[in-house]
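Structure, as structure tokens:
The values are calculated or read from the model by the stated rules, or taken from the named source; none is laboratory data. Given the structure is predicted, the values throughout are model-derived calculations rather than measurements. Here the Cβ positions follow ideal geometry from the backbone for every residue, glycine too, while neighbour counts run over all protein chains shown.
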Amino acid sequence: MRYLEELGYFQRWPKTNAGFDNYIQRLAPFTFHLVSTQPIIIVMVPHDFGNANDGRSISEIVGRPPKQATNTKYMLNHIEYGTTFPYHTEALWFSPDLRVPPTKLLAETGIHQTIVQPGLKLVITRKEEMCTTSRE
């Protein structure tokens, strides 16, 4: 998440009433899905959480963390990890390891999308409203 902060994304997202270690957390208009660890690749799926400062608790805003998720001091959003994420036509991906800023996923066909970088081909297959990732 420090990479997104360095790129200026956090300044675009609303501050919340929550904090961690004197850092005012943000609420990004995305769900985050860690789909690769070597290199780190995260998919950002647009999501409307509503107003973060309307008096709701953190769990009411972002929900309870899924079993496969972690938190960060920078934002309220959970970072889910695994090989699946919800389909969205405006999904983005980024990689701090590859120094790739948030970039729109490009569709090859109606059901396949790929992330191709030196030494890496990550195939994203859509089945109904979910996507699954695999390496080739």
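Some points to look at:
- Just so you know, in segment 4-54 the residues that are basic (Lys, Arg) and touching a strand residue (DSSP E or B) at 6+ places or on another chain (Cβ under 7 Å) include one that is nearest to CYS131 (Cα to Cα), and it is ARG26.
- Taken over segment 114-136, the criterion of being without any contact (Cβ under 8 Å) to a residue 24 or more places away in the chain, closer than 25 Å to LEU7 by Cα and not in a loop (DSSP other than H, G, I, E, B) is satisfied by THR114, VAL116, LYS121.
- Condition check for HIS33: at negative phi, of a type outside the set (A, V, I, L, M, F, W, C), at pLDDT 85 or above and part of a strand (DSSP E or B): yes
- Among (1) modelled with pLDDT under 80; (2) surrounded by 14 or more Cβ atoms within 10 Å (Cβ to Cβ) - the single one LYS67 does not satisfy: (2)
- Selection within segment 77-136 - more than 17 Å from the chain's Cα centre (by Cα) and among the hydroxyl-bearing types (Ser, Thr, Tyr): THR109, THR125, SER134
- Residues (among the polar types (S, T, N, Q) and within 20 Å of THR103 (Cα to Cα)) located in segment 4-36: GLN11, THR31, SER36
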